[in-house]
Every structure is written in C-alpha cells, then in structure tokens.
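Here the structure is laid out as structure tokens; the discussion comes afterwards.
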C-alpha cells in the first residue's frame, strides 16, 4: 500500500469554494477501485490549511487516479485558490498490513 499526504494552504476568500470542489473530488475518488481511503481534512486552528490523506492499494493506482476526469477538474478549478503550491509526500504503509484493510 502507498499513502500520499497532500498539504495545501488556500487563499482565505476561496475557502468555501475550495471545500465544495474538493468534497466532489473526494466523493468520486473513494469510488475508484484502487483507493482504500481518501480523507479531506481542514486544520482547526488555521482554516486556510487543508490535507488530503490518500491510501492506494498500489503505486499505480495513484497514477490512475490522476488520469480521472474528477481529479483533472479538481486540479484545474483549485489552481488559483492555492496560496502556495501544494506539497504531496509519499509514504510506505507499515501497519496495518494490506490484509487488515480488506
């Protein structure tokens, strides 16, 4: 399994629109067969900061995700909302093991 954590800071005037667009992306992403988990988080003490926590069965599943229409739409719609470039970090899953997620 591969985990991707994406950190984002959004311009304050776009927070509500960003949440709407990102919720649509999250709802569609979790339906993809290669995605085990897709969380969309907002930081409590700084509402301009968001995190996507994405768990993929295999690294190739992230590649597939990035080719979907809903991801492409999300990427294009949120580009100007970003206060700074988003940062994604990839992690290898140590626990629970893949079998524990099924």
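By how many nm would the segment from residue 31 to residue 76 grow when fully extended, if each residue of separation counts as 0.36 nm and the alpha-carbon distance is taken off?
Fully extending the segment from residue 31 to residue 76 adds 14.1 nm.
With a point put 7 Å past each Cα toward its Cβ, work out how far residue 7 is from residue 23 in nm, to one decimal.
Each label point lies 7 Å from its Cα, and together they span 2.6 nm.
Can you give me the relative contact order of the chain as a percent, contacts being Cα pairs under 8 Å and 6 or more apart?
Relative contact order of the chain: 44 percent.
Could you give the spread of the C-alpha atoms of the chain along their three principal axes, from largest to smallest, in whole angstroms?
For the chain, the Cα spread along each principal axis is 42, 30, 19 Å.
Angle, helix 15-29 long axis vs. longest principal axis of the chain, Cα atoms, 0 to 90°, nearest 10?
Helix 15-29 sits roughly 20 degrees off the main axis of the chain.
The numbers here are math on the coordinates, done by the rules we state, and not lab data. Note that the coordinates shown come from a computational prediction; the quantities given were computed from them, not determined experimentally. Here the Cβ is made from the backbone with ideal geometry for all residues, glycine too, and neighbour counts use every protein chain on show.
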